[in-house]
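Data block below; observations after.
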Amino acid sequence: MSQGSRIPGFYKLPLDERRRRVAERAGVKLQRILDVVGRGGLDPDTADKIVENVLGVYSLPFGIALNVQVNGHDRLTPMVVEEPSVIAAASNAARMVRAGGGFCAEMIEELMTSQVQVFDVPEPGAAIGRLEAASAELLEMGTRAVPGLVARGGGPRAIEVRDLGQRCLVVHVLVDCRDAMGANLVNTIAETIGPRVQELSGGQLGLRILSNLSDHRRVRTTCRVHAR
């Protein structure tokens, strides 16, 4: 961003001028911004191809929070909200934080969870022992399934086995997805190791899918506000 995220009096500008200023600051063609914000980025025909039973689309105001600085870099921050004053409050808070050096953000963990379920396991305790003993094998299988991710420095990192009770076990594979969201990669790993997990557990193969609980993918952000 060539001119930063500070635009004093931005809220006083006419709508067309705000769009032009943001396009200049972000280095994006004005028409591209107009194509997105002018119609909400989604038309009914496109929406009908994404989810089921579509009737239309639902729009909310698209605004920009200003003054944001993260790790020394200015950011224009998109916000979609329906409540007045929220974007203004965020911009004001970012201005106060900016005076104290801005936000500092760091990645703590970047692991997504692939999960494989087996049910009707005859002897869960013994099955857990076999699965844990085969951790290296399962990790190797998962690694071979995602060569592109491994080439970028990512891949499966650890195996966890959970006993859910009622003869049901879940095997978690913690996967470093690098900068990708990783859903397809994680699902590929689950599908790949699923048959072997079934064989080792002696149970019936169930779900093989990404977990939406992203408790191993965390960012820590800190800031400082000067006392007045």
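The values are calculated or read from the model by the stated rules, or taken from the named source; none is laboratory data. Computed from a predicted structure; not experimentally measured. Ideal geometry is used to build each Cβ from the backbone, glycine not excepted, and the neighbour counts take in all protein chains shown.
If I go through region 91-107 residue by residue, how many of them are farther than 17 Å from ASN71 by Cβ and surrounded by fewer than 19 Cβ atoms within 10 Å (Cβ to Cβ)?
Residues meeting the conditions: 4.
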If PRO84 satisfies all but one of (1) touching a residue at least 40 places away in the same chain (Cβ under 8 Å); (2) assigned to a loop (DSSP other than H, G, I, E, B); (3) of a type outside the set (A, V, I, L, M, F, W, C), what's the number of the condition it fails? (1)
Single residue of PRO78, PRO61 found to be of a type outside the set (D, E, K, R) and touching a Gly at 6+ places or on another chain (Cβ under 9 Å): PRO78
Residues in region 1-30 that are part of a helix (DSSP H, G or I), within 26 Å of the chain's Cα centre (by Cα) and touching a residue at least 40 places away in the same chain (Cβ under 8 Å): how many? 3
Taking the options VAL70, VAL37, name whichever one is surrounded by 14 or more Cβ atoms within 10 Å (Cβ to Cβ) and at pLDDT 95 or above. VAL70
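Would you check which residues across region 124-164 are among the small types (Gly, Ala, Ser) and over 24 Å from SER214 (Cβ atoms) and list them?
Once the filter is applied, which keeps residues that are among the small types (Gly, Ala, Ser) and over 24 Å from SER214 (Cβ atoms), region 124-164 yields GLY125, ALA126, ALA127, GLY129, ALA133, ALA134, ALA136.
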Going through region 151-161 one residue at a time, which ones are over 18 Å from SER135 (Cα atoms) and either surrounded by 13 or more Cβ atoms within 10 Å (Cβ to Cβ) or touching a Leu at 6+ places or on another chain (Cβ under 7 Å) (or both)? ARG152
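Just a yes or no: is a residue in region 116-131 over 30 Å from HIS172 (Cβ atoms) and either touching a residue at least 40 places away in the same chain (Cβ under 8 Å) or assigned by TED's automatic domain parsing to the domain that holds ARG21 (or both)?
Checking region 116-131: not a single residue is over 30 Å from HIS172 (Cβ atoms) and either touching a residue at least 40 places away in the same chain (Cβ under 8 Å) or assigned by TED's automatic domain parsing to the domain that holds ARG21 (or both).
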Matching residues in region 31-76 (outside any loop (DSSP other than H, G, I, E, B) and of a type in the set (Lys, Arg)) number 2
Kindly list the number of the only condition in (1) surrounded by 15 or more Cβ atoms within 10 Å (Cβ to Cβ); (2) assigned to a strand (DSSP E or B); (3) modelled with pLDDT of 95 or more that fails for GLU110. (3)
